[in-house]
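The values are calculated or read from the model by the stated rules, or taken from the named source; none is laboratory data. On a predicted model such as this, the values are computed, not experimentally measured, just so you know. Counting neighbours? That spans all protein chains shown, and the Cβs are built from the backbone with ideal geometry, glycine included.
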Amino acid sequence: MNRSIDWKSYLGIAGFALLVAAFIAFRVKPDWKISCMIAAGLGIASFIAYIAFNLRDVKDALGGRTALYSLNTLLAIVIVLSILGLINFLSVRHHKRWDITQGKIHSLSDQSLRILQNLDRVQRDVEITAFFREGDPSEAKMRDLLEMYTAASHRLKVQFFDPAKSPGLAKRYNIEEYNTAVFSSKDKEAKIKGQTEEEITNALIQVSRDAKKTVYFLQGHGEASIDETRENGYSHIKEELEKENFIVKKLVLLNEPGIPHDCSVLVIAGPKVAITPQELKVINEYLVMAGRALFLADPRETTGLENFLLPWGVKLGNDVIIDRVARALVGSELMPVATQYEEHPLTRNFRYATAYPMARSVDVTDKNDHGAADTVIGRTSPQSWAETDLSTLFEKNAADFNADKDRQGPIPLIVAATAPGKMPPEETPGETGKKLEEKVPETRIVVIGCSQFPNNQYCSFPGNSNFLMNTIAWLAEEEDLISIRPSTQSPKTISLTREQASLVFYSSLFGLPGAVLIIGIVVWVRRRNR
């Protein structure tokens, strides 16, 4: 038998629906304040009317078996919520993050993690004092970034202050504007005014190293200049080295009696004319005394390095590498791409391709007068070859593989060498016996058959800049800097207005659960009225 609808039973549902609708509408559209208040008032009135019209049923429900069941249900809900709260507390204390974004934009780079691991290894604490306006979006961005750092290392101590509310502290740190973070460790201090991983990691590098190392770039023979900002210059590499706490200088050996004592790495980047025998003698003496050098030797140039490197077990080929595969990848077969790297501290975990515009082969040789251990650490693709007929290549702009003259790929173009070095004369065994026991002097050399790959034009190729920076880090014995630098990739986002964001949030928070709750109440009321 069908019963007529008891409208009094639905007053409670209507009241609940009006209250939820009023709350969501107010959060999405605060300017609807009056309408929301009216809706909320109607909702409260509906509840009161429901109780008034169903007073006996309400009393029976509160005093009967149903109330006991309801109390048990409420208790079960409280227990479940308590367990969830405990799980949430433990997850905050001992949490694990997963980054499922395509560009891993919510994960720290390999270099950042290496720097943090080094802080733990040397037991060095770093204090980060950030000055941001409370509630500013930049503050939230910086907090999110620093949370990733503190999750990876307990050596970081982070504090946030609003300069307007802490003027004394801001004056102490000479803070002149918002969005400034100060990194302090022992007697070192660094300031940044951005909210990027690269800036934070570079600041950590600056304050966590006790001494700066100097990289000299040889000049006077047409080498690439560290001050040149045009395509063929090295100004980008200079900036990157300075960010990682290196001092970068030029060196004109014709004006110097020898290699400066503070030289940690000597870079000879693509000389165009012959280096004088006297200069080569000075460079050789520097290498023998546990020196470190990076040679970038272009093809078709006679610079004296060809014979100079032979006693160190390195041979520069009189050829140009042709790579047919490179035409599809980078648009030129004269720009071979290296994707194969041998196991070496310099290439550990390095899986980026590097491109070399106009490169020559670099290989190891049996001739070795210094006891050097030479290793080919980079090769081109199997589809490449070393072209020896340079006149045909450049005069007729044509090249074909000749099995009798040319060398089939993969072609070696990067060689790393280590050799026993000598202590400086002033450091005799009697005076520094302990030091000699702790550290054996070692000569380190890297030779690459191209000088253009890290210049301002090609440094943006996926692995070029990283590979050169890793090479200098290995030569300077800064192994924790051998890594992949922070990515500058920006997250792909959807821009929403305040109203749209609020609508999405509250619809997901209350919409679906509210719909389920209302359906449940309707079903309960209909069954009760049967």
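Listed here are the residues, each with its yes/no results for (1) touching a residue at least 60 places away in the same chain (Cβ under 8 Å); (2) charged (D, E, K, R).
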site	(1), (2)
Leu254	no, no
Pro271	no, no
Val282	no, no
Glu285	no, yes
Ala293	yes, no
Ala297	yes, no
Thr303	yes, no
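Among the numbered conditions (1) touching a residue at least 40 places away in the same chain (Cβ under 8 Å); (2) among the small types (Gly, Ala, Ser); (3) surrounded by fewer than 16 Cβ atoms within 10 Å (Cβ to Cβ), tell me where Ala399 comes up short.
For Ala399, the exception is condition (3).
Among (1) among the aliphatic types (A, V, I, L, M); (2) part of a strand (DSSP E or B); (3) farther than 16 Å from Ile472 by Cβ, which single condition is Val265 missing?
(3)
Just one of (1) more than 27 Å from the chain's Cα centre (by Cα); (2) part of a helix (DSSP H, G or I) trips up Pro257, so point out which.
In the conditions (1) more than 27 Å from the chain's Cα centre (by Cα); (2) part of a helix (DSSP H, G or I), Pro257 misses (2) alone.
Would you check which residues across region 365-379 are touching an Asp or Glu at 6+ places or on another chain (Cβ under 8 Å) and at pLDDT below 90 and list them?
Passing the criteria: only Asn368.
Asn397: of a type in the set (S, T, N, Q), farther than 21 Å from Gly270 by Cβ, assigned to a loop (DSSP other than H, G, I, E, B) and in the same structural domain as Val447 (by TED's automatic domain parsing), yes or no? Walk me through it before giving the result.
Values: of a type in the set (S, T, N, Q): yes; farther than 21 Å from Gly270 by Cβ: yes; assigned to a loop (DSSP other than H, G, I, E, B): yes; in the same structural domain as Val447 (by TED's automatic domain parsing): no.
When the stated conditions are applied, Asn397 does not pass them.
Determine which member of the set Asp187, Asp227 is more than 22 Å from the chain's Cα centre (by Cα), within 17 Å of Leu119 (Cα to Cα), of a type in the set (Asp, Glu) and surrounded by fewer than 14 Cβ atoms within 10 Å (Cβ to Cβ).
Just a single option satisfies the conditions, and that option is Asp187.
So, restricting to strands (runs of 3 or more DSSP E) that lie completely within region 151-192, which ones have at least 2 residues that are under 9 Å from Ala130 (Cα atoms) and touching a strand residue (DSSP E or B) at 6+ places or on another chain (Cβ under 8 Å)? Outline the logic, then answer.
On the way: elements: 156-161, 180-185, 188-192.
Hits in region 151-192: 156-161, 180-185.
Only one of (1) assigned to a helix (DSSP H, G or I); (2) crowded, with 21+ Cβ neighbours inside 10 Å; (3) assigned by TED's automatic domain parsing to the domain that holds Glu477 fails for Leu204. Which number is that?
So Leu204 meets the others, but not (3).
Looking only at region 294-304, filter to residues that are more than 13 Å from Tyr356 (Cβ to Cβ) and modelled with pLDDT of 95 or more; which one of those is surrounded by the fewest Cβ atoms within 10 Å (Cβ to Cβ)? Break it down into steps so the answer makes sense when it comes.
Start the filter on region 294-304 by keeping residues that are more than 13 Å from Tyr356 (Cβ to Cβ), which leaves 294-295, 300-304.
Filter once more, keeping what is modelled with pLDDT of 95 or more: 294-295.
Numbers: Leu294: 21, Phe295: 27.
Checking each candidate, the answer is Leu294.
Each row is one residue, and each column tells you yes or no for (1) surrounded by 15 or more Cβ atoms within 10 Å (Cβ to Cβ); (2) at pLDDT below 85.
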| residue | (1), (2) |
| --- | --- |
| Asn318 | no, no |
| Ile321 | yes, no |
| Leu329 | yes, yes |
| Ser332 | no, yes |
| Glu343 | no, no |
| Asn349 | no, yes |
| Ala355 | yes, no |
| Asp363 | yes, no |
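Tell me which residues, restricted to region 378-396, are polar (S, T, N, Q), more than 16 Å from Leu316 (Cα to Cα) and touching a residue at least 24 places away in the same chain (Cβ under 8 Å).
Ser381, Gln383, Ser384
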